[in-house]
1. Would you confirm, using the coordinates I've provided, whether Gly276 is within 27 Å of Glu47 (Cα to Cα) and touching a His at 6+ places or on another chain (Cβ under 6 Å)?
2. So Thr101 ticks every box in (1) in contact (Cβ under 8 Å) with a residue 24 or more places away in the chain; (2) surrounded by fewer than 19 Cβ atoms within 10 Å (Cβ to Cβ); (3) more than 19 Å from Thr2 (Cα to Cα); (4) touching a Phe, Trp or Tyr at 6+ places or on another chain (Cβ under 8 Å) but one. Which box is left unticked?
3. So in the range 63-79, with the set limited to residues that are of a type outside the set (Ser, Thr, Tyr) and farther than 22 Å from Leu260 by Cα, which one is surrounded by the fewest Cβ atoms within 10 Å (Cβ to Cβ)?
4. Of a type in the set (D, E, K, R) and touching a helix residue (DSSP H, G or I) at 6+ places or on another chain (Cβ under 7 Å) - does that describe any residue in the range 103-114?
5. Considering Arg134, Arg202, which residue is in a helix (DSSP H, G or I), over 20 Å from the mean Cα position of the chain (by Cα) and surrounded by fewer than 19 Cβ atoms within 10 Å (Cβ to Cβ)?
6. With the condition kept exactly as written, say whether any residue in the range 207-216 is closer than 14 Å to Arg256 by Cβ and either in a helix (DSSP H, G or I) or under 18 Å from the mean Cα position of the chain (by Cα) (or both).
7. Can you tell me how many residues within the range 169-192 are surrounded by fewer than 19 Cβ atoms within 10 Å (Cβ to Cβ) and among the small types (Gly, Ala, Ser)?
8. Go through the range 174-196 and count every residue that is out of contact with any strand residue (DSSP E or B) (no Cβ under 9 Å at 6 or more places or on another chain) and modelled with pLDDT of 95 or more.
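The values are calculated or read from the model by the stated rules, or taken from the named source; none is laboratory data. Small disclaimer: the values here were computed from a predicted structure and weren't measured. Ideal geometry is used to build each Cβ from the backbone, glycine not excepted, and the neighbour counts take in all protein chains shown.
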Amino acid sequence: MTSPVLICGSVAFDTIAVFEGRFKEHILPDRIHALSVSFLVPRMRREFGGCAGNIAYNLQLLGGKPIPVATVGEDASDYLQRFEQLGIDISLLQSLPGTLTAQCFITTDLDDNQISAFHPGAMERSAENDLTGRSAAWAIVAPDSKVGMVTHAKRLHAQGTPFIFDLGQAMPLYDGKDILEMLALAQAMTVNDYEASIVEQRTGKSIEQLAQGLKAVVVTRGANGATLYTEGHQHHIDPVTPTGVVDPTGCGDAHRGGLLYGLTLGWSWQDACKLGNLMGSIKIASRGPQNHAPTRAEIDTQFHAQYGLRLPA
């Protein structure tokens, strides 16, 4: 029986449009001072996203008990209804009147260049969503507004709930002092290899040094698997070869879902990371962050084939 996991972070909509041309043919360097361009985008899709939403989705696929902690706007009714239908606890998804849910508008051209615009909306007020008193075996503080992330971290620390600090896309908001202050409250940190190098640069400490004050640091490395730093040792976690490489969006969140599931079961960090690698490989073979839908039995079969491990019955 798994225990609840508090998943603090963003819940957002991603609107992705495809321009069937190339930006460089329309954005002229000698006219950049008076830019006025318009792109016809015959293909467009809207995705359910946000770090808290994505992590919760993956944890639910595994049979976990995610409790996403986020603020959403008046336009989130379909997102909330979807999560209810999936059996995800939405009691800490707070709707704020007069606001819109965080939204990212992405236009991609045929060379995979992107022009994006992000509206934080209700996410800016995430600190107002008080999780105090909600018991959980583990929590994660994933990318959100900075004040929301810090506030959630302090509340989790005060009530003794162990949590993972997941810096991710919030990296530009944190200097070295901020990162060290968050790590003083957390039990673990997850970053990708690029983020790890930025953390080292900003804090002036190596990942090995930072791991000494934590239960673990997990550095994901895409097709090269992951590196786990725990109890003074470094472990390479073998990658899982995906059935296809379609879209990396949300792969890190899928990994976090697998990692948290293993931790709630009392697994070793190594085995929890292996499940994280598997979930990331499953996600990358599907377009969008929440469109992969393997059954739990299918995940178990792949987990056993790759690592010789099983999900609990």
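1. Judged against the criteria, Gly276 is a match.
2. (2)
3. That would be Asp78.
4. As a first pass, look at the range 103-114 and keep what is of a type in the set (D, E, K, R): 109, 111-112.
In the following step, the residues that additionally are touching a helix residue (DSSP H, G or I) at 6+ places or on another chain (Cβ under 7 Å) were identified as 109.
Yes, the range 103-114 contains a residue that is of a type in the set (D, E, K, R) and touching a helix residue (DSSP H, G or I) at 6+ places or on another chain (Cβ under 7 Å).
5. Numbers: Arg134 fails: in a helix (DSSP H, G or I).
Checking each option against the conditions leaves just Arg202.
6. Taking the range 207-216 and keeping what is closer than 14 Å to Arg256 by Cβ, we get 216.
Cutting the leftovers down to either in a helix (DSSP H, G or I) or under 18 Å from the mean Cα position of the chain (by Cα) (or both) gives us 216.
Taking every residue of the range 207-216 in turn, at least one turns out to be closer than 14 Å to Arg256 by Cβ and either in a helix (DSSP H, G or I) or under 18 Å from the mean Cα position of the chain (by Cα) (or both).
7. Residues meeting the conditions: 2.
8. Step one: list which residues in the range 174-196 are out of contact with any strand residue (DSSP E or B) (no Cβ under 9 Å at 6 or more places or on another chain), which gives 174-178, 180-181, 184, 194.
Those left that are additionally modelled with pLDDT of 95 or more: 174-178, 180-181, 184.
Counting residues in the range 174-196 that are out of contact with any strand residue (DSSP E or B) (no Cβ under 9 Å at 6 or more places or on another chain) and modelled with pLDDT of 95 or more gives 8.
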